[in-house]
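Novice: Structure provided below as structure tokens; questions to follow.
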Amino acid sequence: MANLIDGKRIAAEINAETAGAVAELGCRHGVQPGLAVVLVGQNPASQVYVNMKAKRTLELGMYSEKHELPADTGQTELLALIDKLNCDPKIHGILVQSPPPPQIDERQVVLAIDPGKDVDCFHPFNVGKMLIGDQDGFFPCTPYGVMVLMQRCGIDPSGRHAVIAGRSNIVGKPMMALLMQKAAGANATVTVCHSRTPDIREHCLRADILVAAIGKPEFIGGDMVKPGAVVIDVGINRIEDAAAKRGYRLVGDVAFEQVEKKASWITPVPGGVGPMTIAMLLQNTLKACRASCSPD
Ligand code: GUN
């Protein structure tokens, strides 16, 4: 039976470290890290995420702003808000929740965010820095959270074969870049599979570390996992469940009950990768604030 990677506990540990650093920054430099979260429209899942981000920001002693804009907000209006936040010295991190409604051109929005405040690491400048292994920018929160989970569980990817199922800009692609870096805690050999990959199962079976990020409920079955593999489930899918209070329950991209019998380590859903995303977002906000205090 696999060891459980307890993301909730590890995220709480990181949040406590962040809160300590925030307090120290206040005492020593009289500055408070600030994060602005922006949501356009009323996507229910996005509302939950944005509320959680704002709540956690306050809990760690940071300054929080939440901007909830109507679903019919225009591009110009959104860009004007970003401009304002770029210039606001109270704000060190800006996050526009994805996906926005269809009238918004997300690429232009991402380009408008000051790269020094791009705590999501969506701006091409920061994506490029991450790819070349520059430590000065930001790492995208979810893949960064996966790296830290492994590190804190004593799992070293070095020399191991990591297989990523999924090639999204938010998870799959940056996960590839972080795992393959020539750096402590990385140095993996990486395969990326996606919807056009024939025989995904064959690739997954060769993984020492398997990262599931395809957005398909319980896609990775026990027959796709090598005995002893580390399995990281990035999926969060709502599936109907009449017995559940809300009428749905959350499952990952991994069929947990089958896979935990084969894996050496596994993340649960919820309580695995999920809590790490916000923990790393707030670490990035702290980093942005520190960089703004001492530009060198
Ligand atoms: N939507 C899903 N995940 C994320 C994330 O990490 N950041 C933003 N901005 N939107 C998301």
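Novice: How long are the semi-axes of the equivalent ellipsoid of the stretch 117-216, taking √(5λ) for every eigenvalue λ of the Cα gyration tensor, in whole Å from largest down? Don't jump to the answer; show the numbers that get you there.
Specialist: Numbers: eigenvalues 95, 54, 24 Å².
In descending order, the three semi-axes are 22, 16, 11 Å.
Novice: Moving to a separate point now. Whole-Hz ³J(HN,Hα) for each residue in the stretch 281-293, computed from phi via Karplus 6.51 cos²θ - 1.76 cosθ + 1.60 with θ = phi - 60°, x for glycine and proline: what do you get?
Specialist: 4, 6, 5, 5, 5, 4, 4, 4, 5, 4, 5, 6, 6
Novice: Amide H of V119: which non-local residues (sequence gap of 5 or more, or other chain) have their own amide H closer than 5 Å, using H built in the peptide plane?
Specialist: I94
Novice: On to the next question. Just the projected area, averaged over all directions, of the convex hull on the alpha carbon atoms of the stretch 101-168: how many nm²? Walk me through the numbers on the way to the answer.
Specialist: Details: hull surface 24.8 nm².
Orientation-averaged projected area of the Cα hull: 6.2 nm².
Novice: Identify all lysines with a Cα-Cα distance to K261 below 21 Å; exclude those on the same chain that are fewer than 8 residues away in sequence.
Specialist: K216, K226
Novice: Quick one: what Rg and Dmax do you get for the stretch 216-263 from the alpha carbons, in Å?
Specialist: Considering the stretch 216-263 through its Cα atoms, Rg and Dmax are 11.9, 36 Å.
Novice: How are the C-alpha pair distances of the stretch 167-234 spread across 10 Å bins, as whole percents from the shortest bin up?
Specialist: Going out from 0 Å in 10 Å bins, the stretch 167-234 shows 20, 56, 23, 1 percent.
Novice: Under 5 Å between amide hydrogens, which residues at least 5 positions from C193 or on another chain qualify, with H placed 1.01 Å from N in the peptide plane?
Specialist: Long-range HN contacts for C193: I164, A165, G166.
Novice: Considering all projection directions equally, how large on average is the shadow of the alpha-carbon convex hull of the stretch 147-296, in square nanometres?
Specialist: Its average projected convex-hull area is 10.8 nm².
Novice: Around Q181, which amide H atoms from residues at least 5 apart in sequence, or from another chain, sit under 5 Å from its own amide H, with H modelled in the peptide plane?
Specialist: N187, A188
Novice: Next question. Suppose the chain between D199 and R9 were pulled fully straight at 0.36 nm per residue; how much longer would it get relative to their current alpha carbon spacing? Don't skip to the answer; put the middle values down first.
Specialist: Values: separation 190, 0.36 × 190 = 68.40 nm, distance 3.56 nm.
Full-extension gain reported as 64.8 nm.
Novice: To continue, here is another question. Given the protein chains as shown and a 1.4 Å probe, how many square angstrom of E218 are accessible, to the nearest 10?
Specialist: Rounded to the nearest 10, that gives 90 Å².
Novice: Further question: Can you run phi through the Karplus equation (6.51, -1.76, 1.60; θ = phi - 60°) for the stretch 39-44 and list ³J(HN,Hα) in whole Hz, with x for Gly and Pro?
Specialist: For the stretch 39-44, the Karplus curve yields 10, 9, x, 10, 4, x Hz.
Novice: For the chain, with the dipole built from +1 on Lys and Arg beta-carbon atoms and -1 on Asp and Glu ones, taken about the Cα centre, which of P198, G34, H67 lies farthest toward the positive end?
Specialist: Positive-most Cα among the choices belongs to P198.
Novice: Ok, one more. P(r) of the stretch 1-69 in 5 Å steps, Cα pairs, percent per bin?
Specialist: Per 5 Å bin, starting at 0, the Cα pair percentages come out as 3, 15, 19, 18, 16, 13, 9, 4, 2, 0.
Novice: Could you work out how much longer the chain between E68 and D136 gets when fully extended? Use 0.36 nm per residue separation minus the Cα distance between them, nm to one decimal.
Specialist: Residue separation times 0.36 nm, minus the Cα-Cα distance, leaves 21.4 nm.
Novice: Over all distinct Cα pairs, what is the inverse of the mean 1/r for the chain, reported as the Kirkwood hydrodynamic radius in Å?
Specialist: This gives a value of 19.8 Å.
Novice: Going by alpha carbons, how many degrees (0 to 90, nearest 10) lie between the helix axis of 75-87 and the longest principal axis of the chain?
Specialist: Value to nearest ten degrees: 70.
Novice: Straight-line reach only, C-alpha to C-alpha below 20 angstrom: list the lysines that K53 could link to, leaving out same-chain residues fewer than 8 apart.
Specialist: K8, K66, K90, K117, K287
The values are calculated or read from the model by the stated rules, or taken from the named source; none is laboratory data. The shown structure was predicted, so the numbers you read here are calculated from the model rather than taken from an experiment. Note that we place each Cβ from the backbone using ideal geometry, even for glycine, and neighbour counts take in every protein chain shown. When the accessible area is computed, the model is the full protein with side chains, heavy atoms only, and any ligands, DNA or RNA have been set aside. Shrake-Rupley method; radii C 1.70, N 1.55, O 1.52, S 1.80 Å.
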